[in-house]
Amino acid sequence: MGGGLVFAAGVAQSGAVVFMCGTGSMWKREIAGAFALAVMLLVPVAGRAEPVTVQVTALLPEGAERRPVSWSAVPLTLPEGADVLAAMIITPAPLDGPWQVALEPGAYVISGFSAAELYESTVLITPQTTVIEVPVLALDPQVALRCTEPRCDHTDAATGLQVTLPQGWAMDQPSHADLGSGTLAPDVSTVFYEDVAGDGGAVWFLNPVDWITGETGPCRAVAQGNLCTFEITPAAEAGFAVIAPSLQRLEMPLE
């Protein structure tokens with residue numbers, strides 16, 4: 001993820017004050033707690049009011065298919081050492097429609113996931129809040145490409161790396177590894193992987209740093225260095241057959 005947090009705040013018609021986190025990463029408890037306190041000072045909320053019934057909906061990208069969503073709400077004003085899991089409010093099963101939930105006034109992180117999307121927003125619940133629309137979590141900026149076509153050709157402008165990905169694969173942003181003392185590795189490093197949810201997808205690492213072939217996994221020499229993987233599987237072989245012969249690099253100075 002990139003550097004500091006970037007927030008944009010606005011008051012929705014529902015009465016909720018919505019704050020978006022530009023990094024898409026989870027906050028440290030200290031930062032989140034301080035932020036929630038600051039919000040409460042800015043937007044007064046009735047002390048210990050009755051729970052408010054709100055409707056949580058997924059704000060889908062244009063043209064996206066609606067899928068069942070599993071939701072959770074985590075309060076940001078928990079005391080130090082509190083059991084976050086015990087305080088988390090979750091749906092027992094994915095919901096096809098809006099989530100009707102009773103929440104005490106205060107700041108929350110509302111999260112959801114479907115088979116294809118992740119949703120997340122930080123909101124302030126007030127007695128006037130009725131509807132919360134939660135947007136799709138921004139794509140990790142480290143992801144350089146997701147291939148949805150039969151094959152995808154890609155050239156990285158910063159490193160000059162050229163590669164072709166098979167359908168259903170993705171790659172991280174290529175870079176020159178930092179070897180310490182300001183020295184950058186001459187070869188380009190990145191990761192190619194099956195774009196599937198959870199663990200278990202095939203993966204190839206281009207010029208990984210501190211890779212131990214006998215312990216971490218096997219490596220194969222390619223035109224731009226070495227491609228290494230944890231385990232040779234049919235899916236890994238299929239990906240290698242497309243990626244390995246396509247690897248080239250334009251001659252250009254390092255950025």
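Taking the conditions (1) outside any strand (DSSP E or B); (2) over 30 Å from Val191 (Cα atoms) in turn, Leu124 satisfies each one other than (1). Scanning segment 175-195 for residues that are part of a strand (DSSP E or B), more than 15 Å from Phe240 (Cβ to Cβ) and not small (Gly, Ala, Ser) returns Asp178, Leu179, Thr183, Leu184.
Just one of (1) surrounded by fewer than 18 Cβ atoms within 10 Å (Cβ to Cβ); (2) part of a loop (DSSP other than H, G, I, E, B) fails for Pro208. It is (1).
Scanning segment 125-153 for residues that are within 15 Å of Tyr193 (Cα to Cα) and of a type outside the set (Asp, Glu) gives Gln142, Val143, Ala144, Leu145, Arg146, Cys147, Thr148, Arg151, Cys152. If you go through segment 113-162 and pick out every residue that is buried (at least 20 other Cβ atoms within 10 Å of the Cβ), more than 24 Å from Val56 (Cβ to Cβ) and hydroxyl-bearing (Ser, Thr, Tyr), you end up with 1.
Any residue at all in segment 168-180 that is of a type in the set (A, V, I, L, M), within 24 Å of the chain's Cα centre (by Cα) and outside the structural domain of Val242 (by TED's automatic domain parsing)?
First pass over segment 168-180, keeping only residues of a type in the set (A, V, I, L, M): 170-171, 177, 179.
Applying the additional criterion that residues be within 24 Å of the chain's Cα centre (by Cα) yields 170-171, 177.
Still in the running and outside the structural domain of Val242 (by TED's automatic domain parsing): none.
No, segment 168-180 has no match at all.
No other residue among Tyr119, Tyr108 is of a type in the set (Phe, Trp, Tyr) and more than 15 Å from the chain's Cα centre (by Cα) apart from Tyr108. Restricting to segment 54-75, count the residues that are assigned to a loop (DSSP other than H, G, I, E, B) and either more than 20 Å from the chain's Cα centre (by Cα) or among the small types (Gly, Ala, Ser) (or both). Final tally of qualifying residues: 2.
When residues in segment 160-174 are screened for being outside any loop (DSSP other than H, G, I, E, B) and not hydroxyl-bearing (Ser, Thr, Tyr), 9 of them pass.
Determine which member of the set Ser246, Ser189 is free of Cβ contacts under 8 Å to residues at least 60 places away in the same chain and surrounded by 11 or more Cβ atoms within 10 Å (Cβ to Cβ). Steps first, please.
Working: Ser246 fails: free of Cβ contacts under 8 Å to residues at least 60 places away in the same chain.
Matching residue, one of Ser246, Ser189: Ser189.
Of all the listed residues (Ala64, Ala86), the sole one being hydrophobic (A, V, I, L, M, F, W, C) and closer than 20 Å to Val131 by Cβ is Ala64. Looking only at segment 97-111, decide whether some residue is β-branched (Val, Ile, Thr) and outside the structural domain of Ala73 (by TED's automatic domain parsing). Within segment 97-111, not a single residue is β-branched (Val, Ile, Thr) and outside the structural domain of Ala73 (by TED's automatic domain parsing).
Scanning segment 95-121 for residues that are at pLDDT 90 or above and not in a strand (DSSP E or B) yields a count of 5. Across segment 211-234, the qualifying residues are those that are surrounded by fewer than 17 Cβ atoms within 10 Å (Cβ to Cβ) and either in contact (Cβ under 8 Å) with a residue 24 or more places away in the chain or not assigned by TED's automatic domain parsing to the domain that holds Glu194 (or both), and the one among them that is farthest from Val196 (Cα to Cα) is Ala223.
The values are calculated or read from the model by the stated rules, or taken from the named source; none is laboratory data. Everything numeric here is computed off the predicted structure, so don't read it as measured data. Note: ideal-geometry Cβ built from the backbone for every residue, glycine included; neighbour counts use all protein chains shown.
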